[in-house]
Amino acid sequence: MSDLLPVPEYVQRILDSIEPLPAFPQPLMEALGLALAEDVVAPISLPSFDNSAMDGYAVVAADVADASEDSPVVLPVVGEIGAGKASILALSPGSAVKIMTGAPVPRGADAVVPYEWTDRGIAQVSIGRAPSVGAHIRPIGDDISEGDMLLEEGTVLGPRHVGLLAAVGRATVQTRPRPRVVIISTGSELRDAGTPLGQDSIYDGNSYLLAAAARAAGAIAYRVGIVPDDPHAFTEALSDQLVRADLVVTSGGVSEGDFDVVKESLSQQGTMWFGGVAMQPGKPQGFGTVGEDATPVFTLPGNPVSAYVSFETFVLPAIRRMMGKLPFSRPTTRARLTHGLSSPPGRQQMVRAVVETDRGGTFVTPVGGHGSHLMGDLATSNALIVVPPETTALTAGEMVAVLRLDEDF
């Protein structure tokens, strides 16, 4: 029997160890993209007063019931009401008030005659068409009534939600904040982009990849400078970063090599666990909590494809749980495979792929080879094919499970 931890079991272990961040009131624009931590009930009605839907004249419908183009009704105009300038509060029968769109309809008026039905008179107006009762009036509560449930707890606020909240007068809402995610890359061979490379050095792409993924997930990402393969240096860097971290993600140093300093440094700290997960790429994993605040720490493999797939599969659900966003994991969709592929037994393989939809349906094409260092293939992909551990081969034309990487959920 394999001693590798099944992917669903590992994900559940992570989620069981993560708590949502405490909610607090945030200004509307800061709350964009965050999950509500309260039910929002309408404090007022929308509209909050009867108002005109047209530029025209407020009238008593009975006064102009017989109006026609051949026999217009003429009424005296006793004033004008603009939006935000309600100087006339009531209308007497037998008269009209010029009114602008959005302006409150005066008491006694029960219809608005659009300009197009009149001669647009100033002292008096000739009306050539009869409105029905209530015509061109937006009644109080026509959109929302006071006390209506507007948004339920857990709703992720988009632009339209923010607009609705502002329209009913909410300046702040209770939301869970964006987690502060610290990204640490380890490796003495790493160099920052923009600096010269030696014959045995490589540029650090992982920290940028993972920080960008964390930011795309809605978190605040702090990318830390490169940490060499030195246990003391790593321990010091981690200690410095814990004060500002809700979650820490490292890449590299978790396999079985002589210089795997992350595993060496963290093995005896907090609740850290290191082991193999039944996934390819991304077998070597580590997770636990460290420090006084029990900060969650993910230790991901150093190969970029392994690191990214591990982030998508394990770190992303943790970030979303902290933010109170459902579902925690990216949902799978179905697509028809264009090319056959093989998969190792006992491992959930995550195959880089391109998914496309046309009139014939949704199709997915594997991209590149199996190598977990193939960054170019990863950048070309927009999806991952999820091959179950018990499946060792798939043929062209089969329907397969797909994670669409660039879609919001």
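The values are calculated or read from the model by the stated rules, or taken from the named source; none is laboratory data. Quick caveat, the model's predicted, so the values are computed rather than measured. Ideal geometry is used to build each Cβ from the backbone, glycine not excepted, and the neighbour counts take in all protein chains shown.
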Of all residues in segment 219-232 being buried (at least 19 other Cβ atoms within 10 Å of the Cβ) and either touching a Lys or Arg at 6+ places or on another chain (Cβ under 7 Å) or of a type in the set (S, T, N, Q) (or both), the one that is farthest from P317 (Cα to Cα): A221
Checking E38 against (1) charged (D, E, K, R); (2) assigned to a loop (DSSP other than H, G, I, E, B); (3) not assigned by TED's automatic domain parsing to the domain that holds A167, the condition it does not meet: (3)
Evaluation of T332 against (1) at pLDDT 95 or above; (2) farther than 22 Å from R215 by Cβ; (3) more than 22 Å from the chain's Cα centre (by Cα) (one fails), failing number: (3)
Lone qualifier among A67, A111, A96, A103 - being in contact with a helix residue (DSSP H, G or I) (Cβ under 7 Å, 6 or more places away or on another chain), buried (at least 20 other Cβ atoms within 10 Å of the Cβ) and assigned by TED's automatic domain parsing to the domain that holds G134: A111
Selection count where residues are of a type outside the set (S, T, Y) and under 15 Å from T299 (Cα atoms), scope segment 227-240: 6
Selection count, segment 342-361, where residues are under 18 Å from N382 (Cα atoms) and touching a residue at least 40 places away in the same chain (Cβ under 8 Å): 5
Residue in segment 153-166 that is at pLDDT 95 or above and under 30 Å from G253 (Cα atoms) present: no
Any chance V351 is in the same structural domain as G225 (by TED's automatic domain parsing), buried (at least 21 other Cβ atoms within 10 Å of the Cβ) and at pLDDT 95 or above: no
Test for I14: is it buried (at least 19 other Cβ atoms within 10 Å of the Cβ), part of a strand (DSSP E or B), on the phi < 0 side of the Ramachandran plot and hydrophobic (A, V, I, L, M, F, W, C): no
